[in-house]
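**Student:** This structure is in C-alpha cells; I'll ask about it shortly.
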Amino acid sequence: MPPEHAAGHNLMPATVETGALCPLDTPRFLCDEMLQGLGEWLRVAGYDTRLPETGTEDRDVLAMAVAENRWLVTRDRALALHRDGPLYVLLLESGGQDACIRELTGKLNLDWLHAPFSRCKRCNTPFREGPLPGSSASPESSPQTLLHCTQCHQTFWKGSHVRRMREKLREFNRWRRTE
Ligand SMILES: [Zn+2]
C-alpha cells in the first residue's frame, strides 16, 4: 500500500461515491486512450493528468497508475476487476464525453476551477507566465496575457478562447454535488 494511502490524512472523505479510495487530496489522473478528450479537460482545469501512448497494454497502464498514485479513469470494466482496481480504477459507465465528465464530477465532486490554465493541455507540463523565451510576442499581447510551455514550446494567449474554455469549466462545475 503506498504511503499516501497508509497515512490516512491524505485520503478523500469517506463520502466519495466511487467505492474506492482516492489516492490524494488533490487527485492526479491517468486517462485511458478512449478518454483523451476528458484527460485534456482535466489538464485545462489544472489537474496533473497522464495520457499513456496509444497501444499501451492494460497491465502497464494500471502499473503506471499504481506507481504514480493516480486515478486510472477508464470505461473498461476489465481494468476495474484487476487486483489493484478497487484502489486505483475510477470506472465510468457513461457514453460520450460530456456524460463522462458529468459522472466523474459527481463521483469525486471534482472542482473544475481548481487551477485553470496552469498546465499545458498537450503535454501536462505546468505553464510559465510570459512569452516563450527568445520569441517576439505578438504586438497586441502584454506579457501578463501570455503563458508558455517549456516542454513543447507552445505559447498560449489568454484571450477569448480561454474565456470560452473557462465558461465550459463553470458549466462542468454545475454538476458538482451541493452539500
Ligand atoms: Zn506542453
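The values are calculated or read from the model by the stated rules, or taken from the named source; none is laboratory data. In this text the structure is predicted, and so the values were computed from the model without any measurement. Every residue, glycine among them, receives a Cβ derived from its backbone with ideal geometry; neighbour counts consider all protein chains shown.
**Student:** Of the residues that sit in the stretch 104-120 and are crowded, with 19+ Cβ neighbours inside 10 Å and of a type in the set (D, E, K, R), which one is nearest to residue 53 (Cα to Cα)?
**Tutor:** Of everything passing the filter in the stretch 104-120, 119 is nearest to residue 53 (Cα to Cα).
**Student:** Let me ask something else. Among (1) at pLDDT 95 or above; (2) surrounded by fewer than 16 Cβ atoms within 10 Å (Cβ to Cβ), there is one condition residue 160 misses while meeting the rest; what is its number?
**Tutor:** Residue 160 satisfies every listed condition except (1).
Residue by residue, here is whether (1) charged (D, E, K, R); (2) buried (at least 16 other Cβ atoms within 10 Å of the Cβ); (3) within 18 Å of residue 110 (Cβ to Cβ); (4) at pLDDT 50 or above holds:
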{"site": "20", "(1), (2), (3), (4)": "no, yes, yes, no"}
{"site": "32", "(1), (2), (3), (4)": "yes, yes, yes, yes"}
{"site": "38", "(1), (2), (3), (4)": "no, yes, yes, yes"}
{"site": "50", "(1), (2), (3), (4)": "yes, yes, yes, yes"}
